[in-house]
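**Student:** This structure is in structure tokens; I'll ask about it shortly.
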Amino acid sequence: MDFSFSDDQVMFQEAVRDLLANECPPEVVRAAWENDTGRTDGLWNALAEMGVVGMTAPESAGGLGMDETDLVLLLEEAGRAALPEPLLEHTAVGIPTLAEARGPMAEVWLEQAAAGEATLGAGPEDGYTVGAASCDLVLLIGEQVRAVPVDGASLVEHRSVDWSRRLFEVDGEEEVLDADPSLALDRAVGAAAAQCVGVAQHLLDATVEYVAQRYQFGKPVGTYQAVKHHLANTALKIEFARPAARHAAWCIAAGDPDRSRDVSLAKALASEAVDLAARTALQCHGAIGYTFEYDLHLWMKRGWALSAAWGDAAWHRNRIAAALGI
């Protein structure tokens, strides 16, 4: 059995990585922190033109008909770049949930979302939705999936540790969708896990580069054994989390009966990996890592936000225990 990604999937990942390297450098992420929406100018359209935004929509609705195994590598790249756009909420959760639902309302929104003409948000019904003010339709996930058009809805903003992830309570006229809320939740959890892996990998790469260049007592800080141990432990956490997140994507796409258990395992491992990566990065960078002007904090705070989003490691370990009857 071949568990590797296809050449087309890897090429798509590389194309998105190149796009984000050019169009989403740290100064663009920082600008998203400081503007009114927490998003970028033009990047969402560029992703839509590449087919990323609507890739999970059926071809009949104008999408590419791809699934979670195609998307997971792109979510890792989004995390690596700290992308300030709702790829998780829109492409990983909103579009496939609307595609699953029935009724004219879902079909209209699905076609608009696939084309990038409407932006979808998603959040837990008892929590906050990311970027609702810049979305057109929000899906609230609880015991049911409820769709709330943003136009006319009441939005109450709450400050996030990551300023490019503006959080809102959403209350407005709603429609209950004929969609599986458990599956919608797992899509969100799995996507958050994949993005955590990408953020953690960037934090590790940036820290390795920094300790190789910073000298103390006449030699690079990275040559000291204590620093090597921190970096090795972080790399090990990421290497356990990455295949778990990719397996979770396969479980969702394949309808595996143990889907929820394995998705929660991926999120628990990924949350722990990005938390450790942030701590290691901060410790190895020293005082400069604490400064607002230094780019490291953009990724640390994205990591902390994603680690807690859609359930932290402890919440998902309890979910795994329940699934195992413990």
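**Student:** Look through region 200-219, keep the residues that are of a type outside the set (D, E, K, R), at pLDDT 95 or above and out of contact with any Asp or Glu (no Cβ under 9 Å at 6 or more places or on another chain), and return whichever of them is surrounded by the fewest Cβ atoms within 10 Å (Cβ to Cβ). Working first, answer last.
**Tutor:** Quick first cut of region 200-219, residues of a type outside the set (D, E, K, R) only: 200-204, 206-208, 210-213, 215-218.
From what is left, the residues that are at pLDDT 95 or above are 200-204, 206-208.
Narrowing further to those that are out of contact with any Asp or Glu (no Cβ under 9 Å at 6 or more places or on another chain): 202-204, 207-208.
Values: His202: 23, Leu203: 29, Leu204: 21, Thr207: 25, Val208: 17.
Applying the filter and picking the extreme gives Val208.
**Student:** Name the pairs: first residue in region 7-31 and in contact (Cβ under 8 Å) with a residue 60 or more places away in the chain, second residue part of a helix (DSSP H, G or I) and open to solvent by 40 Å² or more (accessible area, probe 1.4 Å), Cβ to Cβ under 9 Å, at least 6 apart or on different chains?
**Tutor:** Phe12/Met50; Val16/Met50; Arg17/Arg80; Leu20/Arg80
**Student:** Kindly indicate which of Gly63, Gly116, Gly94 is modelled with pLDDT of 95 or more, part of a loop (DSSP other than H, G, I, E, B), surrounded by 17 or more Cβ atoms within 10 Å (Cβ to Cβ) and out of contact with any Ser or Thr (no Cβ under 6 Å at 6 or more places or on another chain).
**Tutor:** Working: Gly116 fails: modelled with pLDDT of 95 or more; Gly94 fails: part of a loop (DSSP other than H, G, I, E, B).
Step by step, each of Gly63, Gly116, Gly94 is checked, and only Gly63 is modelled with pLDDT of 95 or more, part of a loop (DSSP other than H, G, I, E, B), surrounded by 17 or more Cβ atoms within 10 Å (Cβ to Cβ) and out of contact with any Ser or Thr (no Cβ under 6 Å at 6 or more places or on another chain).
**Student:** Please pick out the residue among Val263, Val274 that is within 17 Å of Ser182 (Cβ to Cβ), under 16 Å from the mean Cα position of the chain (by Cα) and surrounded by 15 or more Cβ atoms within 10 Å (Cβ to Cβ).
**Tutor:** Numbers: Val274 fails: within 17 Å of Ser182 (Cβ to Cβ).
Of Val263, Val274, the one residue that is within 17 Å of Ser182 (Cβ to Cβ), under 16 Å from the mean Cα position of the chain (by Cα) and surrounded by 15 or more Cβ atoms within 10 Å (Cβ to Cβ) is Val263.
**Student:** Could you tell me whether region 72-90 includes any residue that is open to solvent by 50 Å² or more (accessible area, probe 1.4 Å), assigned to a loop (DSSP other than H, G, I, E, B) and modelled with pLDDT of 95 or more?
**Tutor:** The answer is no, given that none of the residues of region 72-90 is open to solvent by 50 Å² or more (accessible area, probe 1.4 Å), assigned to a loop (DSSP other than H, G, I, E, B) and modelled with pLDDT of 95 or more.
**Student:** With among the hydrophobic types (A, V, I, L, M, F, W, C), touching a residue at least 12 places away in the same chain (Cβ under 8 Å) and open to solvent by 30 Å² or more (accessible area, probe 1.4 Å) as the only criterion, which of Ala308, Ala241 stands out? Break it down into steps so the answer makes sense when it comes.
**Tutor:** Details: Ala241 fails: open to solvent by 30 Å² or more (accessible area, probe 1.4 Å).
Checking each option against the conditions leaves just Ala308.
Each row is one residue, and each column tells you yes or no for (1) outside any helix (DSSP H, G or I); (2) aromatic (Phe, Trp, Tyr); (3) closer than 24 Å to Ala115 by Cα; (4) open to solvent by 20 Å² or more (accessible area, probe 1.4 Å).
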position	(1), (2), (3), (4)
Leu139	yes, no, yes, no
Glu157	yes, no, no, yes
Ser160	yes, no, no, no
Trp163	yes, yes, no, yes
Glu169	yes, no, no, yes
Leu183	no, no, yes, yes
Ala188	no, no, yes, no
Ala193	no, no, no, no
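**Student:** Collect the residues in region 275-294 that are under 13 Å from Ala206 (Cβ atoms) and either touching a strand residue (DSSP E or B) at 6+ places or on another chain (Cβ under 6 Å) or among the β-branched types (Val, Ile, Thr) (or both), keeping them in residue-number order. Walk me through it before giving the result.
**Tutor:** Residues of region 275-294 that are under 13 Å from Ala206 (Cβ atoms), as a first pass: 277-278, 280-282, 284-285, 288-289, 294.
Result: Thr280, Ile288.
**Student:** Okay, moving on. Being open to solvent by 20 Å² or more (accessible area, probe 1.4 Å), hydrophobic (A, V, I, L, M, F, W, C) and over 30 Å from Arg159 (Cβ atoms), is that true of even one residue in region 28-49?
**Tutor:** For region 28-49, residues open to solvent by 20 Å² or more (accessible area, probe 1.4 Å), hydrophobic (A, V, I, L, M, F, W, C) and over 30 Å from Arg159 (Cβ atoms): absent.
The values are calculated or read from the model by the stated rules, or taken from the named source; none is laboratory data. Quick caveat: nothing in here was measured; it's all calculated off a predicted structure. Don't worry about glycine lacking a Cβ; one is built from the backbone with ideal geometry, like all the others, and counts go over all protein chains shown. Please note that ligands, DNA and RNA were not included when accessible areas were found on the heavy atoms of the full protein model with its side chains. Shrake-Rupley method; radii C 1.70, N 1.55, O 1.52, S 1.80 Å.
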